[in-house]
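Below: one structure, written as structure tokens.
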Amino acid sequence: MKNTTIMKKTIILMWNPAISSYKMDAFEDDLDYLTDDWETDYNWSIHEHDKVEEGDRFYMVRCGQGNTGIVMSGTLVGEPYCDEDWAGRGRKIYYMDMEPDYMVHSDKIAHITTEQLLCELPGFDWTGGHAGRVLPAPLAEKLEVMWNEYTKKLHEEGCIDNVRAGYKNWGNHYRRMIERLEEEIEDTKQIIKRRGY
């Protein structure tokens, strides 16, 4: 039997509030309204659009000046589509829609910083560059562990100010972890079966 399990990828979105069409005040407004049933109209430019699929995990990294680091996580939905250049320079830009499940105000709460990412996950440009790049699988696994530990600590310490993630979303967070584990287990079973162990 052929293994049809598709491992989801992790996509890094870069956000520089100083030059982005998505400004800090818009982020702060959205931070107030992220709830379990919030219908988002988020989308973001995806540089490696030919490698990205619906259901892939994303992390948004604030870059540029200020308190840089991870400010959002979630899932990409739909398929990549071409639309107008957000910067108005006439480039051919592909986007994907997004469903955030966590938002963190990096000016107001401890967060996973760019310095931490550079130190613990070297070999990837965490300081800027194109948005929508695929994070290599070994780094993606480490990042997921870092994020799980970080968000777990937030909840244990009751740090809910300047953070948004409904408890359903917290449940979704764990459900994604379980789904990934189930995929890995199925992959391992298929490898064992093919090798005749």
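The values are calculated or read from the model by the stated rules, or taken from the named source; none is laboratory data. Just so you know, these numbers come straight off a predicted model, no measurement behind them. Methodologically, a virtual Cβ is constructed for each residue, glycine included, from the backbone with ideal geometry; neighbour enumeration extends over all protein chains shown. To get the accessible areas, we keep the full protein, side chains included, count just its heavy atoms, and leave off ligands, DNA and RNA. Shrake-Rupley method; radii C 1.70, N 1.55, O 1.52, S 1.80 Å.
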Residues satisfying the stated conditions in the range 33-46, i.e. assigned to a strand (DSSP E or B) and either loosely packed, with under 14 Cβ neighbours inside 10 Å or at pLDDT 90 or above (or both): W44, S45
Can you tell me how many residues in the range 9-32 are assigned to a helix (DSSP H, G or I) and either farther than 18 Å from T75 by Cβ or aliphatic (A, V, I, L, M) (or both)? 8
Filter the range 58-94 for residues that are over 19 Å from D30 (Cβ atoms) and in contact with a Lys or Arg (Cβ under 8 Å, 6 or more places away or on another chain); which is least open to solvent (accessible area, probe 1.4 Å)? D85
Among strands (runs of 3 or more DSSP E) completely within the range 47-110, the ones holding 1 or more residues that are over 15 Å from I12 (Cβ atoms) are 69-83, 93-104
